1. Taking the stretch 32-74 as the search range and keeping residues that are in a helix (DSSP H, G or I) and basic (Lys, Arg), which one is farthest from GLY151 (Cα to Cα)?
2. Would you confirm whether any residue within the stretch 152-159 is surrounded by fewer than 19 Cβ atoms within 10 Å (Cβ to Cβ) and of a type in the set (A, V, I, L, M, F, W, C)?
3. Suppose the filter is modelled with pLDDT under 95, buried (at least 16 other Cβ atoms within 10 Å of the Cβ) and closer than 25 Å to ALA120 by Cβ; does GLY85 pass it?
4. When LEU129 is evaluated against the numbered criteria (1) closer than 24 Å to THR171 by Cβ; (2) surrounded by 18 or more Cβ atoms within 10 Å (Cβ to Cβ); (3) touching a helix residue (DSSP H, G or I) at 6+ places or on another chain (Cβ under 7 Å), which criterion, by number, is the only one it fails?
5. If ALA122 satisfies all but one of (1) open to solvent by 60 Å² or more (accessible area, probe 1.4 Å); (2) under 16 Å from ALA18 (Cα atoms); (3) aliphatic (A, V, I, L, M), what's the number of the condition it fails?
Amino acid sequence: MITNLLKNRTLPKRRRLATQDGCLLDLQEELPIMFKAFSEAFEAFEKEISQTPPMARARGFEASLLNSKMIQSIQDNFPNNWKFGKYKRFTLQKNGYTILFKKLNNKNMPMNIKTNTVNAIAQQEQLSLFDDNSLVANPILYFGYKKSNIGSIVDPKLIYIDDNKLKWIITADDIVTTKNSEIEEAFEETEMDLPKIKEDVKRKKASNE
């Protein structure tokens, strides 16, 4: 009887598989802007947090403020591609990917409270993050950051999780400096260079097709 139940059990449908090389190509225009958005969010965070002395900060104040600044920056840089889902989970929808934003632990995994939805995301199951069944095939990525031992916000990166395991990471080391007329001015103001996907990644992908 148990065997029959196992045979008749319907496994959850899975989202589309995401690869590192495929993501680098699919988001080659968007990744530099995401890192730029993180830089802008961090600058706004530092400016605002300095106005509140440590003794007056409520629990979770820093994380909440940085998350709000990241949302604001993504909304500014991708005005037509962001969306709030269930439980006001903020997402960026771009080129067939759903991107969430989260603080990461020392194992580069998102610091989430374990829920059925969080578990479904970690398994890349086709559970809708919205009030309808849209975008359930899009692979889910996280754009995250870490907090150092001295409290600094560091190490922004894009990660992909499947089967509850970290599968791959894209960091600033995967991109190189170039020029882009649309956002060059913002980087000049912060004395930063605009990154772009490395050409050797493009060539590697093309040779495999």
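1. Of everything passing the filter in the stretch 32-74, LYS36 is farthest from GLY151 (Cα to Cα).
2. For the stretch 152-159, residues surrounded by fewer than 19 Cβ atoms within 10 Å (Cβ to Cβ) and of a type in the set (A, V, I, L, M, F, W, C): present.
3. Considered against the rule, which asks whether it is modelled with pLDDT under 95, buried (at least 16 other Cβ atoms within 10 Å of the Cβ) and closer than 25 Å to ALA120 by Cβ, GLY85 comes out as yes.
4. For LEU129, the exception is condition (1).
5. (1)
The values are calculated or read from the model by the stated rules, or taken from the named source; none is laboratory data. From a predicted model like this one, the values you see are computed outputs, not experimental measurements. In this analysis, Cβ positions are derived from the backbone assuming ideal geometry, glycine residues included, and neighbour counts consider all displayed protein chains. Ligands, DNA and RNA are stripped out before the accessible areas are found, and what is left, the full protein with its side chains, is counted by its heavy atoms. Shrake-Rupley method; radii C 1.70, N 1.55, O 1.52, S 1.80 Å.
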